[in-house]
Amino acid sequence: MKVLQFCIVIIFIGFISSCFPPVEESAKTLDYKLEDETVQKILQYQDERKTDSLLSYFTSTEPKYKLLASKAFASIKDSNAIPGLISLLSDENEIVRASAAFSLGQIGSSKAEAALIKAFIAVDSIGPYLNTNAKILEAIGKCGTDSSLVLISNIKSYSAKDILLVRAQMSAFFHFAKRDKFNVNSLEQVFRILENPNYDPEAKLIAAHYLMRFKELNISNYFDRLKKLCVEEKNSEIRMALVGALSKIPNPQTLVTLDELYSRGLDVRVLSNLFKGLNQSFKTGQANSFALRAVQNPSMHVAIPAANYLLDNASVDIIEELKTLADQGSLPWQVKSIVYASLLKKIPHYMVLTRDGYVYRLKDLIGKSKSTYEKAAYIKALSEIPKELPYIVGLYSDQANSFENITIAEAIKKNVERQDFVLTFPGKFNPIYNQLTKYFTDNVLRGDQGVMAIMSELFLKDRQLVEKYVRPDSLLKMGKEKLNLPRDIETWNAVEKLLVERYQKGKFYPKKIEYNHPVDWKKVAILKDSIFIKINTDKGEINAVLITKNAATTVMNFVQLIKEDFFKGKIFHRVVPNFVVQAGCPRGDGYGSLDYTIRTEISELNFLATGMLGMASAGNDTESCQFFITHSPTPHLDGNYTVFGKVIGGLEVLLTLSQGDKIIDIKLL
């Protein structure tokens, strides 16, 4: 019945729209300048999250002010704005209508579903409702129910010429998939687009990413079609998503195909994605020989995922091969450390001398490590042996580097969570308990944000004897007093979650940061629309452009930090193969921030391209100084992270960066 009603509405609205074409405003009337005081006022209301003040502009006679106010709710995501945004779906200006649809999708409430469906003009594929229709399809993917997925899956009339609508349909499927909503018809539609060479590459890219998220339905029946696409696709960005999807199919022919693709010497990001789904589809080591070969690839985008597959899935029968790899002097520490971890994890208990020999060598590597991150990687590898926990905890000192220290904390967490922990350390007076108590107490009393966050996660469950010794409830209550807001909001929320859920048996709600660090709009007003920067690293130069109007306060903050030389010497503390590099942390471990936060700014600029600059965060409106750059398209980040720039030169340098590499400086050009 709902499908029938939807079709009747679409036909009726299509008839009405054909009789009464909308009045279209000139695009020039939507152009705005940051020095405009009203524009600044609207952006200030957005920055302060003042919904009521923004809603007052929905009736403005100036389209540009309506547009800016409607855009604000893509970032604020306040459901109280839904009625007002719905009213803008019938605005006489196409761009205002499309913006309202985008923001309704960002809010993500099914309360907007019916209005979005009603606003869709089915007969318009080239006229004044085209952009609105496209944004409506995408928005329904973000907030629609299963019945809307069925409706959109049944749209088969879009040809290769309907570029915006095809992209929007694929985006709708992708956003439904992000919410774990799938169906067979959408899968067939995706293959229809991917298999036709006439369709738009961007639509195909979104479709390929949709396949990577497919969970609920078995895609094994599509193996031959997907294999053909993987082999024949020439666009590396589309192909890497396709092979990521193929790797999830538990078919013996999958490994044959992946091995064939590996032998072609493709883009390293494509090769990296060969391992994307192997942990899901080949959990008992069927891909061991393939992974052993790839571990020796000169690119860490390939070698690290291969090594991680071995860590999770290697079987006892490849111990000799792992030993050979561990003995290789040519393996970089980022890979060697994972190989050591795999070896220690798989050596049988009866091979005591062999295991002890590699433990000794690993401790030697820890002592000889040339960098904090190398040392931490070997500590992490050693944590595969539970009985070595006292040695690992003994590496701690109050002078220890913060990254080493959180690695020690993670090693403690990993081993305390093991079911055999009490068997490894028998007796309620075992020295390990006093050692752990001292470690946690020292770190809490000195207010170590990283250790406190990890500790809070550890004790979300009863840890028996460890808990009786450490007394995390009272210890972390003291620790919370040492945290500074808004700087330590991530740790504060982790501690509060433990105290509320575990010890008070209540429901935890993350703390929202009070408004701070107001924007100096006079400084924002003089920013250029495009600001060019050079990121000098110890691996080479990366050139990027900051896009002011899409994220004005973020760009202002980033420019100010550049002027203050804040980024000089900062480390790329997080590097995930074929995903992101991340830097800007004052601590160098991901838990650091400045004494202020800025607000999340979501725009239609997205992560559907390589080399996008985004702000790292611990949730909405917690951004400060950490940023990341993407190695490849990452559309699953869209709508949750501020995009504020794009790499325009030096992508080859970006792909060579590894954990521990350094920013020499960032310069404004």
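The values are calculated or read from the model by the stated rules, or taken from the named source; none is laboratory data. Given the structure is predicted, the values throughout are model-derived calculations rather than measurements. Here the Cβ positions follow ideal geometry from the backbone for every residue, glycine too, while neighbour counts run over all protein chains shown.
The table below lists the values:
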{"item": "Residue within region 428-447 that is closer than 30 Å to His573 by Cβ, in contact (Cβ under 8 Å) with a residue 12 or more places away in the chain and surrounded by fewer than 14 Cβ atoms within 10 Å (Cβ to Cβ) present", "result": "yes"}
{"item": "Residues of region 322-354 that turn out to be charged (D, E, K, R) and surrounded by fewer than 18 Cβ atoms within 10 Å (Cβ to Cβ), as a count", "result": "3"}
{"item": "Pair list, Cβ < 7 Å and 6+ apart or interchain, from region 497-520 residues that are closer than 30 Å to Asn557 by Cβ to residues that are hydroxyl-bearing (Ser, Thr, Tyr)", "result": "Lys497/Ser456; Ile513/Thr597; Ile513/Thr622; Asn516/Tyr596; Asn516/Thr597; His517/Tyr596; His517/Thr597; Val519/Thr553"}
{"item": "Residue satisfying condition, being under 30 Å from Lys662 (Cβ atoms), outside any helix (DSSP H, G or I) and in contact (Cβ under 8 Å) with a residue 12 or more places away in the chain, within set Tyr391, Tyr396", "result": "Tyr396"}
{"item": "Per-region count, region 96-131, residues in a helix (DSSP H, G or I) and either modelled with pLDDT of 95 or more or not assigned by TED's automatic domain parsing to the domain that holds Lys66 (or both)", "result": "22"}
{"item": "Unique residue being crowded, with 18+ Cβ neighbours inside 10 Å and either under 25 Å from Tyr210 (Cβ atoms) or assigned by TED's automatic domain parsing to the domain that holds Leu546 (or both) when the list is Gly614, Gly569, Gly649", "result": "Gly614"}
{"item": "Hits in region 572-587 - residues which are surrounded by fewer than 20 Cβ atoms within 10 Å (Cβ to Cβ) and within 28 Å of Pro518 (Cα to Cα)", "result": "Pro586, Arg587"}
{"item": "Residue identified as surrounded by fewer than 24 Cβ atoms within 10 Å (Cβ to Cβ) and under 24 Å from Ser60 (Cα atoms) among Ser103, Ser109, Ser99, Ser90", "result": "Ser90"}
{"item": "Per-region count, region 213-244, residues at pLDDT 95 or above, assigned to a helix (DSSP H, G or I) and closer than 19 Å to Met170 by Cβ", "result": "13"}
{"item": "Positions within region 525-564 being in contact with a strand residue (DSSP E or B) (Cβ under 7 Å, 6 or more places away or on another chain), assigned to a loop (DSSP other than H, G, I, E, B) and over 20 Å from Gly650 (Cα atoms), in sequence order", "result": "Ala551"}
{"item": "Asn80 vs. criteria farther than 16 Å from Asp638 by Cα, touching an Asp or Glu at 6+ places or on another chain (Cβ under 7 Å) and part of a helix (DSSP H, G or I)", "result": "no"}
{"item": "Flag for Gln280 being assigned to a loop (DSSP other than H, G, I, E, B), in contact (Cβ under 8 Å) with a residue 12 or more places away in the chain and either within 30 Å of Lys346 (Cα to Cα) or not assigned by TED's automatic domain parsing to the domain that holds Phe579 (or both)", "result": "no"}
{"item": "Residue list for region 355-382, restricted to those being in a helix (DSSP H, G or I) and surrounded by fewer than 16 Cβ atoms within 10 Å (Cβ to Cβ)", "result": "Asp356, Gly357, Tyr360, Arg361, Asp364, Gly367, Lys368"}
{"item": "Check on Ile406, of a type outside the set (Gly, Ala, Ser) and touching a Leu at 6+ places or on another chain (Cβ under 9 Å)", "result": "no"}
{"item": "Among the residues listed as Glu467, Glu481, Glu490, the single one being modelled with pLDDT of 95 or more and either of a type in the set (Val, Ile, Thr) or under 22 Å from Asn620 (Cα atoms) (or both)", "result": "Glu490"}
{"item": "Residues satisfying the stated conditions in region 622-669, i.e. in a loop (DSSP other than H, G, I, E, B) and free of Cβ contacts under 8 Å to residues at least 60 places away in the same chain", "result": "Gln626, Thr634, Asp638, Asn640, Tyr641"}
{"item": "Residue satisfying condition, being surrounded by 15 or more Cβ atoms within 10 Å (Cβ to Cβ), assigned by TED's automatic domain parsing to the domain that holds Gly619 and within 30 Å of Asn443 (Cα to Cα), within set Leu561, Leu476, Leu498", "result": "Leu561"}
{"item": "Sole residue being at positive phi and basic (Lys, Arg), chosen from Lys512, Lys505", "result": "Lys505"}
{"item": "Test for Tyr591: is it part of a loop (DSSP other than H, G, I, E, B) and either closer than 28 Å to Leu34 by Cα or at pLDDT below 95 (or both)", "result": "no"}
{"item": "Positions within region 231-256 being among the polar types (S, T, N, Q) and surrounded by fewer than 22 Cβ atoms within 10 Å (Cβ to Cβ), in sequence order", "result": "Asn235, Ser236, Asn251, Gln253"}
